[in-house]
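The values are calculated or read from the model by the stated rules, or taken from the named source; none is laboratory data. Note that the structure is a prediction, hence the values are computed from the model and not measured. For neighbour counting, all protein chains shown are included, and Cβ atoms are generated from backbone atoms with ideal geometry for every residue, glycine included. Heads up: the accessible areas ignore ligands, DNA and RNA and are worked out on the full protein's heavy atoms, side chains in. Shrake-Rupley method; radii C 1.70, N 1.55, O 1.52, S 1.80 Å.
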Amino acid sequence: MDRDYRMLIGGELVEGVTQFDVINPATDAPFARCPKADEALLERAVSAAKRAFPAWSALSIEERTALVDKLADALEQRAGEFASLLTSEQGKPLDQAMHEIMGSVFTLRAFAAMRIEPQTLKDEGGNKVIEHRTPLGVVAAITPWNFPVILLMNKLGPALVTGNVMVAKPAPTTPLTTLLFGEICRDVLPAGVVNIICDQNNLGSKLTTHPDVAKVAFTGSTATGRKVMAAAAESVKRVTLELGGNDAAIVLDDVDPRQVARKVYAGAMTNAGQICVAIKRAYVPEPMYDEFCDELAKLARDAVVDDGFKQGTTIGPIQNRMQFEKVRALLDDARAHGTVLAGGEPLDRPGYFIPPTIVRDLDEDAPLVREEQFGPVLPVLKYADIDDVIARANDSEYGLGGTIWGKDLDRAMDVARRIDSGTVWINQFLAIDANIPFRGAKQSGLGGELGEAGLHEYTQAHVINAVALEEA
Ligand code: NAD
């Protein structure tokens, strides 16, 4: 507890009304205290943002993007400090934490390089119609605990570039990297353009119903996303929802099972499986099923499951106790109804460690297959017929991502086109890029982030339709 963390309101770093512990998931012990806001502080944050909006939105886009670039530079300069704090609060191995921080720097720079120009929709017979894109006002950014830094930048970059102001609220189990970023915002941005408040899951609904919040940019579970959408309806707020997923990997029959098993394993186990687009179920052709499962199990047994600060760790802990218990319950069911080839039991040590687990022989309706496990536990299922496996992959309320693995790219493309999700990757996973739009189908989301489409989500179309007055 060697450092104080403060919230950012109106350009000042402020204390909370009280504080709560932040737990290191690798030790199950508190390592820092987080300031907690109440409704009065939330009000201050929203009004500070509202006051900052006219001047910020009046700046030229060049002035705003120059400041977003400065945020990126400052984050890059302190990347080591951010990565280390991210490993402490989130649990991921230090190299993966550094990857998230540098990805955040890249994301900010990518948005700073984007422009939206006014579009002339008509210019004939004296009638000129121009569409401008105008900012919305105060954006509430609500983020989850799996990628607390980059998921904030996916919102903050486009919001600021297009002239909006922000109140950000991180998840209560991973608030500190966001607070540290608040120190950078204080030094770089005009007061009130970005405000950061922390809660213990009690202030999100105040933000989503606040009359002065114009848009809610939310990443989290589908269950909370439904609440956000309902709350936003009251004042017809704009919402972007990036929600849960249950992505299927479909392995085609022309691949080398050992080569593809390595990739599918990484797609399922990176960040201990706590990725919205992690591979959450794998479908393998019957003739290669045994070999594929055995290869996955071998990789799982070779994993180094340990504290993210320890050199060589490949899998850190689950981020928080609640999620740990959820994954543990899925494991119990999988052990009873399937065959566990590797892993299967939490490690007998402090911290929320679950080793990579490979489960075969489960039915399609097993909870581990139907639900989003959000942990390092992969069910592997077999198939005999391509139409049947596509139907099984699509039989889900989710439609976030998905992967196809095949040598014949045309055939893989055909299968990919039939997958009902926002993104399908072929022979790769998690190829998320700030310049490529990302969005969920079905109950995995509404609207989207990244790319120029992501920039548009922070604007309103403003059409000016003019004709000249006739001669009097
Ligand atoms: P969560 O829904 O529990 O919490 C997300 C955020 O919402 C937190 O900041 C929380 O404090 C806040 N919140 C809680 N109740 C709220 C309410 N009533 N109104 C407004 N905000 C409220 O999600 P989580 O457990 O932190 O994150 C894991 C989930 O996020 C998984 O389902 C994962 O798939 C999803 N996710 C999706 C994406 C994507 O881009 N689609 C990316 C990462 C994570």
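Some notes on this structure:
- Counting only residues at least eight positions apart within a chain, or on another chain, the aspartates and glutamates with an alpha carbon under 18 Å from that of Lys227 are Asp199, Glu242, Glu397.
- Alpha carbon centroid spacing (whole Å) that separates segment 401-446 from segment 235-282: 10 Å
- Take every pair of alpha-carbon atoms less than 8 Å apart whose residues are at least six positions apart; their mean separation over the length of the chain yields a relative contact order of 18 percent.
- Think of a 1.4 Å ball rolled over the protein heavy atoms: the chain then has 41 Å² of accessible area per residue.
- Percent antiparallel among DSSP beta bridges (both partners in segment 329-472, rounded to 5): 55 percent
- Cα-Cα over 19 Å, subset of Lys50/Lys215; Lys70/Lys155; Lys155/Lys215; Lys169/Lys237; Lys407/Lys442: Lys407/Lys442
- Helix 150-161 and the longest principal axis of the C-alpha atoms of the chain enclose an angle of approximately 20°.
- Acute angle (nearest 10 degrees) that the helix 321-337 long axis makes with the longest principal axis of the chain, alpha-carbon atoms: 30 degrees
- All Cα pairs of segment 408-450, percent lying beyond 16 Å: 44 percent
- Rg/Rg_globular for the chain, with Rg_globular taken as 2.2 N^0.38 Å and Rg from C-alpha atoms: 1.02
- Peptides 118-126, 152-160 ordered by packing proxy, namely the average of other Cβ atoms within 10 Å per residue, highest first: 152-160, 118-126.
- Modelled this way, with points 7 Å down the Cα-to-C-beta line, the labels at Glu131 and Lys70 are 3.4 nm from one another.
- Average silhouette area of segment 237-301, convex hull of alpha-carbon atoms, in square nanometres: 5.4 nm²
- Cβ-Cβ FRET estimate between Ser84 and Asp433, R0 fixed at 25 Å, reported to 0.05: 0.45
- In this structure Lys50 has an accessible area near 110 Å², from a 1.4 Å probe over the protein heavy atoms.
- Expressed to the nearest 5 percent, the antiparallel share of DSSP beta bridges inside segment 257-386 is 25 percent.
- Antiparallel content of DSSP bridges confined to the chain, in %, to 5: 50 percent
- For segment 275-312, the residues whose backbone nitrogen is under 11 Å from a point 7 Å from the Cα of Asp95, taken along Cα to Cβ, are 311-312.
- Protein accessible area in segment 200-342, 1.4 Å probe - carbon and sulfur %: 52 percent
- Hydrodynamic analysis of segment 38-160 uses the Kirkwood radius over alpha carbon pairs. Inserted into Stokes-Einstein at 10 °C and 1.306 mPa s, it gives a translational diffusion coefficient of 94 µm²/s.
- Only helices enter this figure: runs of n ≥ 4 DSSP H residues, each worth -39500 (n - 2.57), summed and divided by the residues of the chain, yield -12000 deg cm²/dmol at 222 nm to the nearest 500.
- Efficiency of FRET between Thr339 and Ala29 - r from beta-carbon atoms, R0 41 angstrom, step 0.05: 0.70
- Simple label model, 7 Å out from Cα along Cβ direction - Lys122 to Asp21, nm: 6.6 nm
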